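Bear in mind these aren't lab numbers, they're just calculated from the coordinates by the rules spelled out. For clarity, every value in this text was computed on a predicted model and none was experimentally measured. Positions of Cβ are generated from backbone atoms using ideal geometry, with glycine treated the same way; all protein chains shown enter the neighbour counts.
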Amino acid sequence: MPITTGAQGADTVRETDGTDGTGRSPGTRARRGSAVVGRALAAAVVLAVTVGCSAQSPDRPSTAVDDKPGGAATAEGAAREPSTATPEAATPSAEPSGETSPSPSATATPAPAEVLMEKGSRSEKVRELQARLAQIGWFDDTPTGTYGQITADAVKGFQGKRGLTATGRTDTVTWQRLLGMTKRPTKDELAGKTVNKPSVKLDPRCLTGRVLCISKTTRTLSWVVDGTVKSTMDVRFGSQYTPTREGVFSVFLKSRDHVSTLYDTPMPYALFFSGGQAVHYSADFAASGYNGASHGCVNVRDRGAVASLFDQVRKGDKVVVHW
């Protein structure tokens, strides 16, 4: 969690005889004020790193501004409705390349969109819908071909994120938008054996040196050395109330067995890059997926991957958090 410390500098001194009425010059008072500020800032840095961050429970404020998927599945006939992942981070971002937004017409009134699929639908097209949603992180389990409540919630969140009418029904507009962002699912994707997510597009700031390149759009962390991606892993971020900071930082502390003193929560393999925010393994992320959120840290759910990353990263390596 970020810790903000403010301090007032020396009082303003009128430009009269060069003193403040006590015989002390403004310069003397300013130097004493600077020393106090310096000691306060140093204490704040130590406190910020110590407290760290942890996962928020599901009953905390919503991670996203749109209606995110999640919750228990409802039985629908003999088919099992799979659980889903929370959608892409809710802060507005640029859409992946290849998706274009239609220009509004000043005169023509568009025809109502035709509903193609909705709750209760069962078909191979529903299976394709689920597989395509999985490609962009909105569906995190085996496609079933059954359009249940969780599928409807995933579609509703997808629509809301893109400024479409959030009905939870897949109409022609929603379907075309999804087609423009995804690829035709393979047999293995339709069977739930694999998910072919879009390839990670590196931010230009990640192309030189040793960089932890963290994308909020694809929800991935890529370990990049001189422009070559060495490894990539899934990550999740803070909620809209405790957002993960964006920008360019550097690793200033490594703590293999760190425990947050503020939340009394383990933060193994912590790589601190901004105050109390760090990249670290999260058991909650591993168990609950995107149904939760951190308090600002970058959670990794693959313990082996982040353990290997911890051993490779050095203090001073660059961290880029971007959309």
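Would you kindly work out the equivalent ellipsoid of the range 165-323 from its C-alpha gyration tensor and give its semi-axes, the square roots of five times the eigenvalues, largest first in whole Å?
Values: eigenvalues 169, 73, 49 Å².
Square roots of five times the eigenvalues give 29, 19, 16 Å.
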key: Per-selection Rg to Rh, the range 200-262 - Cα, Kirkwood hydrodynamic radius   = 0.99
task = Quick one: compute the contact order of the range 214-323, relative version, from alpha carbon pairs under 8 angstrom and 6+ residues apart, as a percent.
result = 33
message = I want to check the label-to-label distance for V248 and V115. Put each point 7 Å from Cα in the C-beta direction and report it in nm to one decimal.
response = 5.1
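What FRET efficiency, computed as 1/(1 + (r/R0)^6) with R0 = 35 Å and r the Cβ-Cβ distance, is obtained for Y241 and K125, rounded to the nearest 0.05?
On the way: r = 38 Å, r/R0 = 1.08.
Calculated transfer efficiency: 0.40.
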Q312/Q149 FRET efficiency (R0 41 Å; Cβ-Cβ; nearest 0.05) = 0.45
ask   = Spin-label point model (7 Å from Cα, Cβ direction): what's the Q176 to T208 distance in nm?
value = 4.3
Where a label projected 7 Å from the Cα of A286 along Cα→Cβ would reach, residues of the range 232-272 with amide N under 18 Å = 232-237, 255-260, 265-271
task = Using label points projected 7 Å from each Cα along Cα→Cβ, tell me how many nm separate T228 and D188, to one decimal.
result = 2.4
